[in-house]
Amino acid sequence: MRLCSTGMLRCYVVLLGALARGLAVTPGGFSRQIVRAGSRRVVTPPAAGPSRAWDLLKPAEKSDWSTRRRNLDNRMFYFDESPPVPPSLGPRKNPADDITLRSRKGELLAIPQAMRYKSADWLRILAELPYSETLHRIASILMTSVAWSSLVMLFHLYVHPIPMVRSTGPELLKSAMGYLLVFRTNAAYNRFWEGRRIWQKVVDQSRSISRYCLLYKDTIGPSRCMHILRLVRAFTLSLKQHVSKHSDGETMVIAALLTEKEREGFYSWGACRPLFIAQALEGALRDTPDVGIYTGDDRQRLLDLARDMAGTVSASERIVQTPVPLNYARHTSRLLTLWCFSMPIALVGEIGWLVVPVTAFVTWALFAIQEIGLIIEEPFSAYLSQDVFCKTVFEDTEVALRELRKATTGPPADSSSSS
């Protein structure tokens, strides 16, 4: 019996070493990279975002604001529009960064979407468990739980047998803990969904303004309409930067969309730059004259759309600045810790050496649910793909800008009539 226990102890030591080495591996497949912009560390996705369009410009184009603005409008891409490649086993990227186009019978559709779970991928997802971001975030508590259950097992085998404990206490706490985790995760998902609704409102208002500009381009003027649509684009990027990570490349794109006077005010405005762009948008709409069928009522409708877009700034700040109450999160963490750490004492007398894998599995399952709630309660940090919404706004306004450019340059000359 003692020889068998010694062999089991050696197996546990080997398994603990392998688990520690596996959790120490950094998931290098994540697409977000940390680069340096001067003395500041900036988190940007490689080969994505407006900085990619900025890199496509030539040096001469970067020095001229009008050329830069026009070419950035034509070269704005937030992600590669290519069919998804078959997944391979190994380190995976953040799923929120895998943006693809939907396909139907081999034909690409226009609506971009993030990667979604498919039931056919269950085996690959199970094999990629060592590279899980959630697993790496709870690695410390998982290793501590495995070490504690191992000590309890060794004490039970070599020092003094621990008597079997009736499971009445854990059974009573199980339901309460389940309800607590459910409420915690639901509160986090509600914040995530509210962030999604805020961005949908930005997309809806930008589409309405684009339609108005196309409808009244002859009365408002093509150049003024193009200026309004560029302000809509600049507001979208500025809001993304305001609620998430800062990107110098995106800041340059925003500056390229503004006039010289607006650019000076943008850099000197302060912390909430989206409000400055919203104010500039309202000013541009207010100055539109009453000409022909365009009346004060139409101007008021456009101003209402711009004010609704400005209201999304405060709504986004409400999510960023108001976390889930700390007492709620801390109590959940304490209850999970005490419950998981008391489990080996209650089970070791009944299941023996199996208490270590059982405790590790339960700890991983419960703390992973809690960690997922912590991740999604900050929707603008990673898992809400704001680049998709920005690209949607840019593509929708590009259609209107293309028509406005045609109205500005005039129709092409008819070769048959000239001859």
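Data overview
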item: For region 184-253: rounded, prolate or oblate by the Cα gyration tensor [a/c cutoff 1.5]; result: oblate
item: Region 239-328: C-alpha gyration tensor shape, a/c 1.5 cut-off, then a/b vs b/c; result: oblate
item: Karplus-derived HN-Hα couplings along region 217-225 (A = 6.51, B = -1.76, C = 1.60, θ = phi - 60°), whole Hz, x at Gly and Pro; result: 5, 6, 8, 6, x, x, 5, 5, 5
item: Full-extension gain in nm, LYS261 to GLN300, via 0.36 nm per residue minus C-alpha separation; result: 11.6 nm
item: TRP269-VAL159 FRET efficiency (beta carbon distance; Förster radius 56 Å; 0.05 resolution); result: 0.25
item: Ranked by how many other beta carbons lie within 10 Å on average, peptides 363-372, 230-239 from highest; result: 230-239, 363-372
item: Computed label-point distance, nm, for sites VAL320 and VAL358 using a 7 Å Cα→Cβ extension; result: 4.8
item: Rounded accessible area per residue of region 151-304, 1.4 Å, Å²; result: 50
item: ASP121-GLN241 FRET efficiency (beta carbon distance; Förster radius 45 Å; 0.05 resolution); result: 0.85
item: Fully extended contour minus Cα-Cα distance, from ARG307 to TYR189, at 0.36 nm per residue; result: 39.8 nm
item: Neighbourhood net charge (13 Å Cβ-Cβ; Lys/Arg +1, Asp/Glu -1) for ASP308; result: +2
item: Out-of-range pairs (alpha-carbon distance over 26 Å; input LYS245/LYS391; LYS201/LYS245; LYS240/LYS261; LYS201/LYS391; LYS118/LYS245; LYS201/LYS406); result: LYS118/LYS245; LYS201/LYS406
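The values are calculated or read from the model by the stated rules, or taken from the named source; none is laboratory data. Note that this is a predicted model, so its numbers are computed, not measured. Counting neighbours? That spans all protein chains shown, and the Cβs are built from the backbone with ideal geometry, glycine included. The accessibility values were calculated without ligands, DNA or RNA, using every heavy atom of the protein model including side chains. Shrake-Rupley method; radii C 1.70, N 1.55, O 1.52, S 1.80 Å.
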